[in-house]
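The values are calculated or read from the model by the stated rules, or taken from the named source; none is laboratory data. If you're wondering where the values come from, they're calculated on a predicted model, not measured in any experiment. Because the Cβ atoms are built from the backbone with ideal geometry, glycine has one as well, and the counts that use them run over all protein chains shown. Only protein heavy atoms, including side chains, enter the accessible area calculation; ligands, DNA and RNA are left aside. Shrake-Rupley method; radii C 1.70, N 1.55, O 1.52, S 1.80 Å.
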Amino acid sequence: MTLRTPPVCGGSGFWRQRADVVVVGTGVAGLAAARAAHRAGAKVVVVSKARETATFYAQGGIAVVIPDGDDSIEAHVADTVAAGGGLCDVDAVTSIVADGYAAVAELVGAGAVFDESEPGRWSVTREGGHRRRRIIHAGGDATGAEVQRALNAAGSTLDIRTDHVALQVLQSGGAVTGLQVLTGDGPGVLEAPSVILATGGLGHLYRATTNPDGSTGDGIALALWAGLAVSDIEFIQFHPTMLYTGDAGGRRPLITEALRGEGAVLVDAQGNSVTAGVHPMGDLAPRDVVAAAVDARLAVTGDDCVYLDARAVPDVARRFPTVSSACLGAGIDIARQPIPVVPGAHYSCGGVRTDVHGRTELAGLYAAGEVARTGMHGANRLASNSLLEGLVVGGRAGRAAVAHARTAERKRSPALEVPTRPVLSRPQLQHAMTSYASVVRDASGLRRLRELLDGTTDRVLADRRAVEDAALTVTATAVAVAAAARAESRGCHHRSDHPATDPARATSTDVRFDSDGQLRVARQLGVPA
Ligand SMILES: Cc1cc2nc3c(=O)[nH]c(=O)nc-3n(C[C@H](O)[C@H](O)[C@H](O)COP(=O)(O)OP(=O)(O)OC[C@H]3O[C@@H](n4cnc5c(N)ncnc54)[C@H](O)[C@@H]3O)c2cc1C
């Protein structure tokens, strides 16, 4: 990564710089986009508020159909759609899955090394909801670290600026003109006809999450503030097995699902299976099913956690070094002791509405990776499909952004003050989201959440913390609005007051700001808005 000095100040008190394409984020989607745009000959500037990414922490792997195996695009699409609870866009899934192998091959060309079962043959494992072994991995359970390492190395000639916080997408006449950013040297504007949001997820809406500190929903907020819709935002995936370490908040280690793929079992404190009789795929059922089963068992037993027993997995500590060392850090030897686990906020299935090239409804604005909603995940993401989506759609968004930049009229962004936005204190927000919008929700809890979210105060977005708090506040409000409107249970949205799936609601929910400044459901077919 090259670190550049801050650009010089312009006349208006803000510094200004020009680019063809600005990419926000240095995870899998951002770097895939930036590399593609750079290779297409564009002047690309990549900004990131931090070095840490969710990509780095990915464990299990990348789901990909290897052409000479017993798998098929159709089988991978079928598993993805089955997990997605009726809300996947089958064309989008097919398009992304079909390009998976080429995108992974390109990553290998960039230097990524995946584990092999024999020389020249990738080792493939299974995770929840996959009926075939199609998950490639690296370093046992350190896939994300290898993906990030390879992309960082391949992107070493890119213009990457860390400690730059995206504040606002700038637009004029229905098209993007640039991005307002905050740096240690004050605010500035990157003038560009194309901006790609690759800002990752929103796990810090909750007290405890598998996500890194920067996963605060910033891209969702930037899109909402720019007047765009976010879709399927009520579908927040809780990973069934986050390490339980007492009442600790913030980022907590994930215990990869691949352990269950290799034979680890989920049991309660009495040693009873948590998923027996719940789903034909048992512990390898889709995540929403397993997380809900754990939540239900904890409600019955009153225990703080259930256990993942991996003692029968051969050579477990060597094969799963990331999990093993995280557990050792908490005093647990996974070869000898069951691992205490709880469901943890993990992945945003919804996001900024885009097509499979990352295009949003605003000309020149693109979104890719976890921040985007392409239609790939529907109401519940299938394990290991997100690195795949980030690679494929990131690359496509980079190319689409360059094509747009070549033809777009270049307009100067207006000189702007640093914006002021409503903010709810982070501990209050996280407590309310954890209490009322976790694995299981109901109407009265969601009402209470809205009341709390209405108690905001306006803050100037003068530093990273303020930007993140404002982003969390608007994102939590969008989740509360969408979750309240979805009076049914589907995918990872479980309503205790509406436990059944309503076939009339098999459609996505769009939320956006109304003309009166309120976030509202803009569209949910079958249901009056
Ligand atoms: C513990 C864990 C394990 C996982 N395991 C797997 C797995 O095995 N397989 C799989 O497919 N998926 C897995 N996932 C999910 C997957 O890792 C993520 O969905 C994916 O990496 C997201 O990539 P991204 O590029 O969209 O975002 P990230 O990798 O999160 O990158 C986001 C980037 O945006 C930047 N950013 C955010 N906001 C701003 C802002 N306002 N201004 C400037 N920069 C900003 C951040 O600094 C960061 O650089 C896992 C996730 C976690 C947390």
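If you filter the stretch 189-211 down to residues that are closer than 30 Å to Asp268 by Cα and in a strand (DSSP E or B), you find that the one that is least open to solvent (accessible area, probe 1.4 Å) is Thr209. Filtered by the rule that a residue be touching a strand residue (DSSP E or B) at 6+ places or on another chain (Cβ under 7 Å) and either crowded, with 21+ Cβ neighbours inside 10 Å or modelled with pLDDT under 95 (or both), the stretch 307-324 gives Tyr307, Leu308, Ala310. Between Gln180, Gln171, which is over 23 Å from Thr407 (Cβ atoms), assigned to a strand (DSSP E or B) and of a type in the set (S, T, N, Q)? Answer to the selection: Gln180. Remark: Ala293 matches the filter, which requires a residue to be under 14 Å from Val341 (Cα atoms), small (Gly, Ala, Ser), touching a strand residue (DSSP E or B) at 6+ places or on another chain (Cβ under 9 Å) and open to solvent by less than 50 Å² (accessible area, probe 1.4 Å).
Results for (1) away from the ligand (no atom under 12 Å from the Cβ); (2) buried (at least 18 other Cβ atoms within 10 Å of the Cβ); (3) closer than 17 Å to Val169 by Cβ, shown as yes or no for each residue.
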{"site": "Arg16", "(1), (2), (3)": "yes, yes, yes"}
{"site": "Asp20", "(1), (2), (3)": "yes, yes, yes"}
{"site": "Gly25", "(1), (2), (3)": "no, yes, yes"}
{"site": "Ala32", "(1), (2), (3)": "no, yes, no"}
{"site": "Ala36", "(1), (2), (3)": "yes, yes, no"}
{"site": "Arg39", "(1), (2), (3)": "yes, no, no"}
{"site": "Lys43", "(1), (2), (3)": "yes, no, no"}
{"site": "Gly60", "(1), (2), (3)": "no, yes, no"}
{"site": "Val65", "(1), (2), (3)": "yes, yes, no"}
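Could you count how many residues in the stretch 212-269 are open to solvent by 10 Å² or more (accessible area, probe 1.4 Å), modelled with pLDDT of 95 or more and on the phi > 0 side of the Ramachandran plot? Number of matching residues: 1. Remark: Leu179 matches the filter, which requires a residue to be of a type in the set (A, V, I, L, M, F, W, C) and within 13 Å of the ligand (Cβ to nearest atom). What about Ala105, is it farther than 14 Å from Gly395 by Cβ, aliphatic (A, V, I, L, M) and either at pLDDT 95 or above or in a loop (DSSP other than H, G, I, E, B) (or both)? In short, no.
Of all the residues in the stretch 400-426, those that are modelled with pLDDT of 95 or more, closer than 30 Å to Asn211 by Cβ and open to solvent by 30 Å² or more (accessible area, probe 1.4 Å) number 4. With respect to the conditions (1) open to solvent by 10 Å² or more (accessible area, probe 1.4 Å); (2) farther than 30 Å from Gly263 by Cα; (3) touching a residue at least 60 places away in the same chain (Cβ under 8 Å), Leu151 lacks only one, and its number is (1).
Being away from the ligand (no atom under 14 Å from the Cβ) and of a type in the set (Asp, Glu) narrows it down to one residue among Glu370, Glu417; which is it? None of the other options fit; the residue is Glu417. Exactly one residue out of Asp218, Asp213, Asp232 is touching a Cys at 6+ places or on another chain (Cβ under 7 Å) and either of a type outside the set (Lys, Arg) or more than 7 Å from the ligand (Cβ to nearest atom) (or both), and it is Asp232.
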